[in-house]
Amino acid sequence: MGKMVVYPGSFDPITNGHISILRRTLTIFDSVNVAVAENPMKNTLFSLEERLAMIRESIKNDNNVYVDSFDGLLVDYVESKNTNVIIRGMRALSDFEYEFQMSLMNRKLNNKIQTIFMMTDYKWFYTSSTIIKEAARYGGAIRGLVPDIVCQKLKEKFDHQ
Ligand code: PNS
């Protein structure tokens, strides 16, 4: 079956930055399990079902990518998938403190699980789900930063507000 890695996040919504990390991860590991947090600490714009559907549509032509959701502790979920690797993308310095804290806490909770960080491609250095939502809310052009399905769903969401 090969080595599978868990790629967790809120994915509210998935961006091209996420897709880039996912595809680069597939050059190292055999499969990636995208794990969408059911109740992330943040209030999400999209429901869990909407977030899952956008990811499924965006990766429909990629092999060895699985999409799932989880509730509760990430380390418990990772263990339930019979793997021991979490992958996280890392952008500028601003990500570092949060990622460092989270990976150390996860390590404290279960030291069999390893977190690996992958630096983002320079193309996605300045983008995040949050800043893309902000731009989309006020009608900014976000094409090219997110998969087409996400572009469409963001437009629908903000057109109805
Ligand atoms: O995309 P995000 O919002 O940066 O992802 C954060 C996420 C979902 C990976 C993180 O909040 C998480 O793992 N939540 C589940 C609860 C948990 O295990 N927290 C970390 C240790 S307390």
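The values are calculated or read from the model by the stated rules, or taken from the named source; none is laboratory data. From a predicted model like this one, the values you see are computed outputs, not experimental measurements. For neighbour counting, all protein chains shown are included, and Cβ atoms are generated from backbone atoms with ideal geometry for every residue, glycine included. In case anyone asks, the SASA skips ligands and DNA or RNA and just uses the protein heavy atoms, side chains included. Shrake-Rupley method; radii C 1.70, N 1.55, O 1.52, S 1.80 Å.
Identify all residues within region 17-32 that are surrounded by fewer than 18 Cβ atoms within 10 Å (Cβ to Cβ) and either within 11 Å of the ligand (Cβ to nearest atom) or within 20 Å of LYS123 (Cα to Cα) (or both); write none if there are none.
Selection gives SER20, ARG23, ARG24, LEU26, THR27.
Quick check on ILE132: is it more than 21 Å from ILE55 (Cα to Cα) and either polar (S, T, N, Q) or within 16 Å of the ligand (Cβ to nearest atom) (or both)?
no
Taking the stated definitions as given, is ASN64 away from the ligand (no atom under 14 Å from the Cβ), on the phi > 0 side of the Ramachandran plot, at pLDDT 95 or above and exposed (fewer than 12 other Cβ atoms within 10 Å of the Cβ)?
no
Residues in region 69-84 that are acidic (Asp, Glu) and in contact with a helix residue (DSSP H, G or I) (Cβ under 9 Å, 6 or more places away or on another chain): how many?
So the count comes out to 2.
Got at least one residue in region 93-107 being over 21 Å from VAL67 (Cβ atoms), open to solvent by 60 Å² or more (accessible area, probe 1.4 Å), of a type in the set (Lys, Arg) and in a helix (DSSP H, G or I)?
yes
Regarding VAL78, is this residue aliphatic (A, V, I, L, M), within 11 Å of the ligand (Cβ to nearest atom), surrounded by 17 or more Cβ atoms within 10 Å (Cβ to Cβ) and in a helix (DSSP H, G or I)?
yes
Report yes if THR127 is open to solvent by less than 70 Å² (accessible area, probe 1.4 Å), under 30 Å from THR83 (Cα atoms) and in contact with a strand residue (DSSP E or B) (Cβ under 6 Å, 6 or more places away or on another chain), otherwise no. Lay out the reasoning, then the answer.
On the way: open to solvent by less than 70 Å² (accessible area, probe 1.4 Å): yes; under 30 Å from THR83 (Cα atoms): yes; in contact with a strand residue (DSSP E or B) (Cβ under 6 Å, 6 or more places away or on another chain): no.
So THR127 fails the test.
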